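Right, one structure below, let's go through it.
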Amino acid sequence: KDFRNNVKPNWCPGCGDFSVQAAIQRAAANVGLTPENLAVVSGIGCSGRISGYINSYGFHGIHGRALPIAQGVKMANRDLTVIASGGDGDGFAIGMGHTIHAIRRNINVTYIVMDNQIYGLTKGQTSPRSSAGFKTKSTPQGSVEPALSVMEMALTAGATFVAQSFSSDLKELTALIEEGIKHDGFSLINVFSPCVTYNKVNTYDWFKENLTKLSDVEGYDPHNRMSAMQTLMENNGLVTGLIYQNKERKSYQELIQGYSEESLVHANLTLGKEKFDQLLEEFM
Ligand code: SF4
């Protein structure tokens, strides 16, 4: 099925987000989805525009709030595959509370973060993923704060699917998104997606020189959380591939009584006057 629509992205030429859009479209087709059973929910930022560029249900939410909306969509309609997306500022600064709780909730949503280590839409300020010493308009002397270790954070918060990729590696990214969609629980996929306009440090070449593919790490086992944490720490978080997956833990939906019986969107919620009056009396 074709997940392309006729909206032309207004990202800068060369922005990493183009590849993320292509990877989502390919992954959705590869797992057999159709546009009417996919919902893409996004936050605010350059990357937040992605929900308008994919032929599916889409919701462009507010800053840092993609995940509450995405979780609501999934709870109301279990038949939809739900992808939430946004940037590192959106998900790891203002939206971090939602990110951590969605992770520990293990709700069946795939969260794709386009991590460019800067705020691009507002013309280049230091983000929670910028490294110490990073100079921008907001930190002209260089940031004194270290970058947030988001993959380690996800493991600590109890994530059951943690992956990282590079927007240049379309094949790996597409495969990881497919696995994330198929995963029964919350999947976090952090994608290094260079901002060619404002981030002159973390460029395509910089990532090519600094990233390690987990498939090249001898004996790496993505089902061992301790070794996942150790590998991340040894490589300063700069790894790509499936970092960790736990297929044993039940998803939020499996644990919620009645969820599997009838989708809220199909339920007959008409109360009728008698039932309404009765409810009112109970609350009085
Ligand atoms: Fe992409 Fe940066 Fe341009 Fe935004 S400002 S569209 S992140 S290259």
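I need the full set of residues from region 63-88 which are assigned to a helix (DSSP H, G or I) and among the β-branched types (Val, Ile, Thr), in order please. Residues satisfying the conditions are Ile69, Val73. Within the option set Ile256, Ile243, being touching a strand residue (DSSP E or B) at 6+ places or on another chain (Cβ under 6 Å) and surrounded by 11 or more Cβ atoms within 10 Å (Cβ to Cβ) holds for one residue only, Ile243. Name the single residue that is surrounded by the most Cβ atoms within 10 Å (Cβ to Cβ) among those in region 130-166 being farther than 13 Å from Val191 by Cα and within 16 Å of the ligand (Cβ to nearest atom). Per the stated criteria, the residue is Ser130.
Considered as a group, the residues in region 94-129 that are polar (S, T, N, Q) and within 16 Å of the ligand (Cβ to nearest atom) include one that is farthest from Ala154 (Cα to Cα), and that residue is Thr122. I want to confirm something. Restricting to region 198-213 and keeping residues that are touching a residue at least 60 places away in the same chain (Cβ under 8 Å) and touching a strand residue (DSSP E or B) at 6+ places or on another chain (Cβ under 6 Å), which single residue is farthest from the ligand (Cβ to nearest atom)? Per the criteria, the residue is Asn199. Summed over region 6-25, the residues that are in contact (Cβ under 8 Å) with a residue 60 or more places away in the chain and either near the ligand (Cβ under 8 Å from one of its atoms) or touching an Asp or Glu at 6+ places or on another chain (Cβ under 6 Å) (or both) give a count of 5.
Selection within region 31-51: residues that are over 19 Å from Glu179 (Cα atoms) and in a loop (DSSP other than H, G, I, E, B). The member of this set that is farthest from the ligand (Cβ to nearest atom) is Gly43. The lone criterion from (1) within 14 Å of the chain's Cα centre (by Cα); (2) surrounded by 22 or more Cβ atoms within 10 Å (Cβ to Cβ); (3) not in a loop (DSSP other than H, G, I, E, B) left unmet by Ala28 is number (1).
Every number in this text was worked out from the coordinates using simple rules, so none of it is lab data. Worth saying up front: this structure is predicted, and the values here are computed from it rather than measured. So basically every Cβ, Gly included, is an ideal-geometry build from the backbone, and we count neighbours across all protein chains shown.
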